Amino acid sequence: MSLLSFFNRRTSAPVARERLQILLAHERGIVGGKPDLVAQLREEILAVVRRHVMVEQDNVQVKMNRDSDISTLEIEIEIPAPAGATA
Amino acid sequence: MAKVLVVTSGKGGVGKTTSSAALGAALAHGGEKVVVIDFDVGLRNLDLVMGAERRVVFDLINVVQGDAKLNQALIRDKRMENLSLLPASQTRDKDALTEEGVARVLNELREKFDWIICDSPAGIERGATMAMRHADVAVVVTNPEVSSVRDSDRIIGLLDSKTELAEKGGRIEKHLLLTRYDPARAERGEMLKVEDVLEILSIPLIGIIPESEEVLRASNVGSPVTLNNPASAPGRAYFDAVRRLKGETVELTIPTDKKGLFGKLFGRRAA
């Protein structure tokens with residue numbers, strides 16, 4: 001290991017923590033006996049929004065965080081710019 | 001009233017058997033009548049860790065199937081008379097553990113003991129589900145390492161859905177026991193911190209067992225670490241965990257093995 005990479009080395013524990021948080025948020029939906037809750041929510045939210053605005057499948061982000069006190073559901077929908085605005 | 005406690009983790013090698021033996025001996029030290037049951041059918045090891053491997057005659061399966069009386073299978077610890085062991089079978093299949101049979105044995109044990117500690121096998125198959133099935137309390141043993149945390153999360157899900165208590169609409173009391181923790185490495189960002197694991201798993205912490213040579217030293221000689229060296233860092237950490245398990249509020253510290261200059265210079269003593 002060069003001296004430079006030694007000093008640039010990022011600590012690995014935060015990476016572990018982040019990977020686990022992402023993975024477990026996904027797995028908890030599946031293992032709870034129900035089908036993937038997050039995926040299901042994503043589909044249904046998308047269907048409702050599409051009645052009014054056309055959004056792409058990839059532009060809907062649904063995240064769920066479980067905690068001992070509160071759980072949060074984070075939904076982010078990217079709405080396309082009105083037609084002509086970008087032209 | 002007797003309490004049935006399951007020591008579980010999902011992942012293997014994180015310290016379930018070590019912890020079962022250490023918690024059992026620490027509880028017994030406080031005067032409680034304790035039995036530790038090995039649920040690892042086919043791969044028993046609790047007898048070896050507790051130094052009773054040459055005294056096994058009958059086992060859990062024999063009792064479950066009615067081939068032996070409970071008293072014939074129970075092995076009383078030679079060092080502490082209020083500590084007993086119910087070994088697992090080495091030859092039988094884990095399918096021999098029937099739910100009714102296990103329930104019957106546990107009910108019989110409830111009459112005789114204050115604490116019934118079920119040492120779960122790794123995995124999420126029959127042995128593990130049987131070990132947790134009738135528990136009142138669970139100790140989830142976790143190492144500060146990604147695969148162990150993931151498996152613990154999975155086990156917590158099972159504790160909340162597949163135990164008898166959960167099925168009746170109750171909630172099983174769950175505690176996290178973080179083992180093989182190295183505070184120095186965590187501080188340097190090389191290991192998940194206590195807070196990280198707690199935040200991810202969201203269950204209360206019952207103790208932090210520091211990485212220590214004393215654990216191997218104790219299993220080498222077949223003695224729970226709380227009995228072999230109660231003053232060692234892991235010994236003290238397990239005693240603190242037991243006090244919390246009994247409902248006491250104990251300040252959370254991570255004990256360390258203090259080495260004198262002599263110890264630093266010459267390292268280990270022979271065990």
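Numerical summary
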| read-out | value |
| --- | --- |
| Relative contact order (%) - criterion: Cα under 8 Å, at least six apart; region: the range B:117-167 | 35 |
| Nearest-20 debye value, the range B:153-230 charge dipole, Cβ charges on Lys, Arg, Asp, Glu | 200 |
| Cα gyration tensor, the range B:1-119 - rounded (a/c under 1.5), prolate or oblate | rounded |
| Within chain B, helix-based [θ] at 222 nm, where runs of 4 or more DSSP H residues each add -39,500 (n - 2.57), nearest 500 | -11000 deg cm²/dmol |
| Length added when fully stretched, B:R104-B:S202, from 0.36 nm per residue minus Cα-Cα | 32.0 nm |
| Net charge dipole size for the range B:1-160 [Lys, Arg +1 and Asp, Glu -1 on Cβ; Debye, nearest 20] | 300 |
| Residue among B:A2, B:L158, B:V197 farthest towards the positive dipole end of the protein assembly as shown, charges placed on Cβ | B:A2 |
| Rounded, prolate or oblate (a/c below 1.5 giving rounded, otherwise prolate when a/b exceeds b/c) for the protein assembly as shown by Cα gyration tensor | oblate |
| Square roots of 5 times each gyration tensor eigenvalue, C-alpha, the range B:148-195, largest first, Å | 31, 10, 7 |
| The range B:118-133 residues near the modelled B:D95 label - backbone nitrogen below 19 Å, point 7 Å along Cα→Cβ | B:124-131 |
| Cα long-axis angle, helix B:146-159 against chain B (0 to 90 degrees, to the nearest 10) | 40 |
| Förster radius 41 Å - calculated FRET efficiency between B:L43 and A:Q40 (Cβ-Cβ, nearest 0.05) | 0.55 |
| Amide H contacts of B:I37 (H built 1.01 Å from N, under 5 Å, at least 5 apart or other chain) | B:L86, B:I117, B:C118, B:D119 |
| Other-chain or far-sequence residues with amide H under 5 Å of B:L177's (modelled H) | B:V140, B:V141, B:T142, B:I206 |
| Loop sites in the range B:77-113: GluC sites (Glu not before Pro), DSSP, at most 12 other Cβ within 10 Å | B:E81 |
| Full-stretch length increase - B:E145, B:A166 - with 0.36 nm per residue and alpha-carbon distance subtracted | 4.8 nm |
| Cα centre as origin, Lys/Arg/Asp/Glu Cβ charges: chain B dipole, Debye | 720 |
| Three-way shape call for chain B based on the alpha-carbon gyration tensor, with the a/c threshold at 1.5 | oblate |
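Read-outs: derived from the displayed coordinates by stated rules, not from any lab. All values reported here derive from a predicted model rather than from experimental measurement. Glycine also receives a Cβ, built like all others from the backbone with ideal geometry; neighbour counts cover every protein chain displayed.
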